[in-house]
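Reviewing the structure listed below.
Each value in this text was obtained by applying a stated rule to the coordinates, not by laboratory testing. Only a predicted model underlies this, so the values are computations on that prediction, with no experimental measurement involved. Here the Cβ is made from the backbone with ideal geometry for all residues, glycine too, and neighbour counts use every protein chain on show.
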Amino acid sequence: MTSRSNGDPLVRLSGVNKWFGELHVLQDIDLSIDRGEVVVVIGPSGSGKSTLCRAINRLEAIEQGEITIDGQRLPEEGKELARLRSDVGMVFQSFNLFAHKTILENVTLGPIKVRRQSKADAEKRARELLERVGVAAQADKYPAQLSGGQQQRVAIARALAMDPKVMLFDEPTSALDPEMINEVLDVMTSLARDGMTMVVVTHEMGFARRAANRVVFMDGGRIVESADPETFFTTPQSARAKDFLSKILEH
Amino acid sequence: MQFYVDNFGLFRDAFLTTLSLSLLGGLLALVLGTLLAAFRVSPITPLRGLATFYVETFRNTPLTVVFFFIIFGLPQIDFVIGFFPGAVLAIGLYTAAFVCEAVRSGINAVASGQAEAARALGLTFGQSLREVVLPQAFRTVVPPLGNVLLAMVKNTSIAAGFAVSELSSLLPRLVNANAGELVLVLIGVVVGYMLITVPSAFALHRVERRVAILR
Ligand SMILES: Nc1ncnc2c1ncn2[C@@H]1O[C@H](COP(=O)(O)OP(=O)(O)OP(=O)(O)O)[C@@H](O)[C@H]1O
Ligand SMILES: [Mg+2]
């Protein structure tokens, strides 16, 4: 994909604030993500990681500040917003595959309805992507017939089918049985290697060390620390990050 | 038996009238009701308000009053409508409010993550409703929708009070003319209704089983 603005960050949040009623969930968030960069977001439960992720494609609206993707401000609503979202892939904790559609149909729906591709083209590409994530054999089944790990890999293929500029992952492996976590992380690692721009909310430290360019630590709605993985894990600066790391590393 | 042979034409015409009222009224109710349900969940506030107002109005008005309004009220504002089209309109508009509520409950039963995933892909609100939410909503909605439509078939009998010669209008007519045959008239009318409702119930049951397997 060619781009007008190669030097600029692909995703930029500046001065972002959001409230859920009284609760100030995002507080003065400034974050820039470059093309090809992989940012892992970690932090305690309720710190606003999901909300941050969901604000980037406006599944959650923000009250203050500005979010731009590829230099373009997020539109408020309607067709413009839909078009922008089509450039931002999202993978959810609970997979959210379309329950009434086959695996193949899950992957072709966006390209056919949003990108106006022909059914044949969309299916050809979908089969390639399903092959890539290792579930090609399941193409004609329904989501409920697949394991969690397989479903999540299909969800990644579904997002990739739109040729997104950036992919958002909100705890993609948290709902998975331990033996399935790696099959999903492997797919994500290979995506990162191929240069995909990614924002990943996860507690998988192995993935962060292996694939991330940067770790962003959130607490209480704020970005408390931001550093490369090695620095963050070995010499965290803030007391809260130290405390958090000591807790998760016990497991 | 001779009684039915003698009056076959009457029974047949009345049956066909009830059948047409049911089919046309049902079609109108399904289309309008689904549209209203889409309005009720839409992000556009005026559309939501409009649909809510519609549903509350029609749900809380007796069907006879709706008939009266359409057949005698509308001509007052120079909108004259025949008895049969008026009856279809009254039944369709009234039943649409109940269809809307059944479909809306089905939409609410579809996990919110489904609509979210659709929107995240870049589908518009209308597309995600059409492609993802409604097809799943209709599955949970088939049984309550069936009840709404069966009630509607029975409600078509109100048209008898507005000069439409449907099945139940045969009761006073034939009983007056054949005082001794009350039971036969009743049986004829009931069988007429059952010729519509029983096959419908079977069809609904099959639809229910079909969509359930797809899950
Ligand atoms: N729709 C909502 N309405 C009201 N409060 C919400 C809503 N969604 C989230 N919250 C609250 O906002 C805060 C931040 O939530 P968020 O889901 O972003 O946290 P998180 O960091 O992703 O946590 P977790 O690790 O548990 O997923 C929490 O206190 C949560 O209870
Ligand atoms: Mg979360």
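If one takes the longest principal axis of the Cα atoms in chain B, at what angle in degrees, from 0 to 90 and to the nearest 10, does the Cα axis of helix B:182-213 lie? Here the helix axis deviates by roughly 20 degrees. With a cut-off of 19 Å, note down the residues of the stretch A:8-27 whose backbone N falls inside the zone around a label point 7 Å from the Cα of residue A:213 toward its beta carbon. In the stretch A:8-27, the label zone of residue A:213 (backbone N under 19 Å from the point 7 Å along Cα→Cβ) covers A:8-14. What does the charge count around residue A:93 come to, taking other residues whose C-beta lies under 12 Å from its C-beta (Lys +1, Arg +1, Asp -1, Glu -1)? With Lys, Arg at +1 and Asp, Glu at -1, the net is -1.
If r is the Cβ-Cβ distance from residue B:74 to residue B:52 and R0 is 22 Å, what FRET efficiency results, to the nearest 0.05? Don't jump to the answer; show the numbers that get you there.
Details: r = 24 Å, r/R0 = 1.07.
Computed FRET efficiency for residue B:74 and residue B:52 comes out at 0.40.
Peptide A:96-106 has a mean of 5 when you count, residue by residue, the C-beta atoms of other protein chains within 10 Å of its C-beta.
Need one value for A:155-164: mean number of C-beta atoms belonging to other chains within 10 Å of its residues' C-beta atoms. Spell out each step's value before the answer.
On the way: counts 1, 0, 0, 3, 3, 0, 1, 3, 0, 2.
Neighbouring Cβ atoms belonging to other protein chains average 1 per residue here.
The alpha carbon gyration tensor of the protein assembly as shown gives principal lengths a ≥ b ≥ c with a/c of 1.5 or higher and a/b greater than b/c, which makes the shape prolate. Using the Karplus relation 6.51 cos²θ - 1.76 cosθ + 1.60 with θ = phi - 60°, the per-residue 3J(HN,Hα) values for the stretch B:164-170 come to 9, 7, 8, 3, 5, 5, 5 Hz, with x marking Gly and Pro.
Neighbours of residue A:81, meaning other residues whose beta-carbon lies under 12 angstrom from its beta-carbon, give a summed charge of +2 when Lys and Arg score +1 and Asp and Glu score -1.
With respect to chain B, whose longest principal axis is taken over its alpha-carbon atoms, helix B:112-121 is tilted by about 60°. By the count of other C-beta atoms within 10 Å, a proxy for reagent exposure, A:160, B:30, A:249, B:182 are ordered fewest to most as A:249, B:182, B:30, A:160. Other residues lying with their Cβ under 13 Å from the Cβ of residue A:19 contribute a combined charge of -3, Lys and Arg counting +1, Asp and Glu -1. Against chain B, whose longest principal axis is taken from its Cα atoms, helix B:134-155 shows a tilt of about 20°.
Each peptide in A:120-128, B:75-83 was scored by the mean count of other Cβ atoms within 10 Å over its residues; highest first, the order is A:120-128, B:75-83. Less than 5 angstrom separates the built amide H of residue A:34 from those of A:10, all sequence-distant by 5 or more or on a different chain. With a 10 Å cut-off around each Cβ of B:125-137, the average count of Cβ atoms from other chains is 3.
With 0.36 nm allotted per residue and the present C-alpha distance subtracted, the residue A:234-residue A:144 stretch has 28.3 nm of extension available.
Would you please give the FRET efficiency between residue B:209 and residue B:147, computed as 1/(1 + (r/R0)^6) with r the Cβ-Cβ distance and R0 = 22 Å, to the nearest 0.05?
It comes to 0.80.
Placing +1 on each Lys and Arg Cβ and -1 on each Asp and Glu Cβ, with no other charges, gives the stretch A:43-185 a dipole about its Cα centre of roughly 500 debye.
Measuring from a point 7 Å past the Cα of residue B:83 along Cα-to-C-beta, which residues in the stretch B:145-172 have an amide N at less than 13 Å? Answer for this model: B:158-170.
May I ask you to sort B:70, A:112 by Cβ crowding, counting other Cβ atoms within 10 Å and putting the fewest first?
Working: B:70 22, A:112 18.
With the sparsest Cβ surroundings first, the list reads A:112, B:70.
According to the square roots a ≥ b ≥ c of the eigenvalues of the Cα gyration tensor, what is the shape class of the stretch B:2-214, taking rounded for a/c under 1.5, prolate for a/b larger than b/c otherwise, and oblate for the remainder? Verdict is oblate for the stretch B:2-214.
Taking every C-alpha pair closer than 8 Å and separated by at least 6 residues, the mean separation divided by the residue count of chain A gives a relative contact order of 25 percent. The count of lysine pairs in the protein assembly as shown with alpha-carbon distances below 29 Å, taking only pairs 8 or more places apart or on different chains, stands at 27.
Could you tell me the relative contact order of the stretch B:2-214? Use alpha-carbon pairs under 8 Å, at least six residues apart, and round to a whole percent.
Details: 231 pairs, mean separation 57.5, N = 213.
Answer for the stretch B:2-214 is 27 percent.
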